[in-house]
Amino acid sequence: MTTNTAAWISTKRTDLEVKPASYTPPGDLEIVVRNHAVAINPLDWILQNAGELVFSWIKYPFILGSDLSGEVAEVGKKVTRFKVGQRVLAHAVGSDPTRNSAAEGAFQHYTVVLEHMASPIPDHMSYESAAVLPLGLSTAACGLFEKDQLALRHPSVNAKPTGQTLLVWGGSTSVGSNAIQLAVAAGYEVITTASPKNFDYVRKLGASQVFDYRSSNAVKDIIKACHGKTMVGALAIGMGSIEACLDIMHESKGNKFVSMTTFPVSFQKMTKGSNLKLHFLLQLPRLVVFMLSMQIKSRLRGIRTKVIFGTSLIANEVSQVIYVDFLPTALAEGVIVAAPEPHVIGKGLEHVQAGLDMQRKGVTASKIVISL
Ligand SMILES: NC(=O)c1ccc[n+]([C@@H]2O[C@H](COP(=O)([O-])OP(=O)(O)OC[C@H]3O[C@@H](n4cnc5c(N)ncnc54)[C@H](OP(=O)(O)O)[C@@H]3O)[C@@H](O)[C@H]2O)c1
């Protein structure tokens, strides 16, 4: 019998504890992955510290985690794309409301994964590198390709230029790094923002122009850079990104659409010990004012907006486009690289809690990874 171990969150707002977990076999269209590396996302500590507010459906004890890579341990009866022993990466979707399943969280040795949310990885790619991709890639893909989001042309390994331009505000984030690469692979020019120390990084990923998002001239300079271009919209990532993207879209020609990743309330100062309701109540007036002014600004300017939900692709064609049709060849041919760089902080599930705490303090163009 296969034994399993997980980094459990036993109840809301507690530290993870490494304890035994049951091994769950795959359903017909699922695989089980023996994880060799997992990566940390802001979502993990947001769920740990404010799960009952943001994903109220989660039933404790639970296993968090979205990003994993490893080898296939078992395949479901109807799975034809994978075989046991194959090296893969996958987006674990246990916290999606339609799954709500601890067996599908990444922070354990064996995770059940939907077969259409997994992709083979090339021999040259380490498990630690592969693990940086899934949630950032899925979130970027939802924003760029879903029909009710930016609805861009799909990526391919030999895309022809469209002659159109996308704005990615927050290009050095994990979501932004993937968005730049996906948009370029779909034939779009990408204008982006980052700190000056990450200008070269985002250019290497394919951005044509980059601006410092902290500069007081950023919006003005980007409006100038977009002049004469046909824009396909903006992907807004990071605090302040929505307001900036609305101002830029207002002044540019083309599709006036802002696809939004970041909730306009900061969860960073919210810790396991803090009073969640009080923290949220204190931010509520700011949130209400923000939502109202965003609605008014966007309607008056004819700009459409939509919030991304980074697991929505499991139920639409974008998962097939990314994980089944595009990613295997794109990774093998280097059209998509593992970005941001993995920062491996240790080996073993006991390092996951430290990873969550580090991620909450902030990273710059890097992804915290734990080897298993
Ligand atoms: N809606 C969804 O389903 C979904 C899914 C995943 C993530 N998200 C959200 O998307 C955002 C990005 O997540 P992530 O994992 O990609 O982040 P991340 O990799 O942890 O982001 C780190 C980067 O953020 C950049 N940054 C910091 N403040 C910024 C700002 N105000 N504007 C633009 N960039 C800023 C920094 O850039 P420099 O170092 O260059 O300064 C840093 O490199 C987060 O808000 C996250 O909660 C949403």
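The values are calculated or read from the model by the stated rules, or taken from the named source; none is laboratory data. Nothing here was measured: the structure is a model prediction, and the numbers come from that model. A quick note on method: Cβ atoms are made from the backbone with ideal geometry, for glycine too, and the neighbour counts reach across all protein chains shown. Side chains included, ligands, DNA and RNA excluded: accessible areas come from the protein's heavy atoms. Shrake-Rupley method; radii C 1.70, N 1.55, O 1.52, S 1.80 Å.
Placing unit charges on the Cβ atoms only, positive for Lys and Arg and negative for Asp and Glu, gives segment 1-137 a dipole magnitude near 240 debye about its Cα centre.
Span-like helix criteria (full DSSP H runs; alpha carbon extent of at least 20 Å along the helix axis; mean Kyte-Doolittle hydropathy of at least 0.5) are satisfied in the chain by 276-301. Cross-linked pairs 220/269; 197/361; 12/297: Cα-Cα separations exceed 25 Å for 220/269; 12/297.
Remark: the chain carries a charge dipole of roughly 1000 debye about the Cα centre, counting +1 on each Lys and Arg Cβ and -1 on each Asp and Glu Cβ. Computed from the C-beta positions of residue 297 and residue 263, the FRET efficiency with R₀ = 22 Å rounds to 0.80.
Among the protein heavy atoms of segment 137-307, carbon and sulfur supply 58% of the accessible surface, probe 1.4 Å, non-protein parts ignored. Note on residue 24: accessible area is roughly 50 Å² with a 1.4 Å probe, heavy atoms of protein only. Most tightly packed first, judged by the mean number of other beta-carbon atoms within 10 Å of their residues, the peptides 188-197, 62-71, 264-273 read 62-71, 188-197, 264-273. For residue 262, the residues 5 or more places off, or on other chains, whose built amide H falls under 5 Å of its own are 238. Placing unit charges on each Cβ (+1 for Lys and Arg, -1 for Asp and Glu) gives the chain a dipole about its Cα centre, and among 335, 151, 295 the Cα reaching farthest toward its positive end belongs to 295. Computed with a 1.4 Å probe on the full set of protein chains, the accessible area for residue 29 sits at about 100 Å². Please give the FRET efficiency for residue 71 paired with residue 250, using the beta carbon to beta carbon distance and R0 = 41 Å, rounded to the nearest 0.05. It comes out at approximately 0.25.
Extension gain for residue 5-residue 345 works out to 120.5 nm (0.36 nm per residue, less the C-alpha to C-alpha distance).
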